[in-house]
Amino acid sequence: MAYQYDDTNVFARILRGEIPNKTVLETEHTLAFHDIGPQAPVHVLVIPKGRYVTFDHFAAEASEAEIADFTRTAGEVCRMLGVRPGEGGQGYRTIANAGLHGVQEVPHYHMHILGGRILGRMVARAD
């Protein structure tokens, strides 16, 4: 599949410094920042700095260094924000939406980390 990356998306503009953000953590390959419309007391977005559209695109084409950095950064964000279970936190949820059926709003791969309250069921059952 050919992924079409849109360089005008909001996260690309944040990475270029055109739009400010409230940074939680920045590394060589990853940026984590607070969501501007939080859905939980803790709501942080973790994005790769590379031009990836979805998780599967990132998994298929990112370098080992990018994948490791992204994963470790997400874990460190959970630690920094105090949501890790067993270390004072009560848990968290990670979400990555992809495409139309996933209701992806920004065509740049990103992971939501949500916590700070009970979040309820992830999706309704399709019985």
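Computed from the coordinates by the stated procedures, all read-outs in this text should not be read as laboratory data. In this text the structure is predicted, and so the values were computed from the model without any measurement. A quick note on method: Cβ atoms are made from the backbone with ideal geometry, for glycine too, and the neighbour counts reach across all protein chains shown.
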Yes or no: Gly99 exposed (fewer than 12 other Cβ atoms within 10 Å of the Cβ) and more than 22 Å from Tyr3 (Cα to Cα)? no
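So, in the range 7-31, how many residues would count as being surrounded by 13 or more Cβ atoms within 10 Å (Cβ to Cβ) and either in a loop (DSSP other than H, G, I, E, B) or not hydrophobic (A, V, I, L, M, F, W, C) (or both)?
Filtering the range 7-31 for residues surrounded by 13 or more Cβ atoms within 10 Å (Cβ to Cβ) gives 9-15, 21, 24-27, 29-31.
Cutting the leftovers down to either in a loop (DSSP other than H, G, I, E, B) or not hydrophobic (A, V, I, L, M, F, W, C) (or both) gives us 9, 13, 21, 26-27, 29-30.
Number satisfying all stated conditions: 7.
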Pairs with Cβ under 9 Å, 6+ apart, first in the range 32-43 and crowded, with 17+ Cβ neighbours inside 10 Å, second among the polar types (S, T, N, Q): Ala32/Thr23; Ala32/Thr73; Phe33/Asn21; Phe33/Thr23
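Out of the residues in the range 44-65 that are part of a helix (DSSP H, G or I) and touching a helix residue (DSSP H, G or I) at 6+ places or on another chain (Cβ under 8 Å), which is surrounded by the fewest Cβ atoms within 10 Å (Cβ to Cβ)?
Within the range 44-65, the subset part of a helix (DSSP H, G or I) is 55-61, 64-65.
Now drop any that are not touching a helix residue (DSSP H, G or I) at 6+ places or on another chain (Cβ under 8 Å), which leaves 58-59.
Working: Phe58: 23, Ala59: 11.
It comes out as Ala59.
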Among the residues of the range 34-52, are any acidic (Asp, Glu) and either touching a Gly at 6+ places or on another chain (Cβ under 8 Å) or farther than 15 Å from Val106 by Cα (or both)? no
Mind listing whichever residues of the range 64-75 are in contact (Cβ under 8 Å) with a residue 12 or more places away in the chain and more than 16 Å from His110 (Cα to Cα)? Ala65
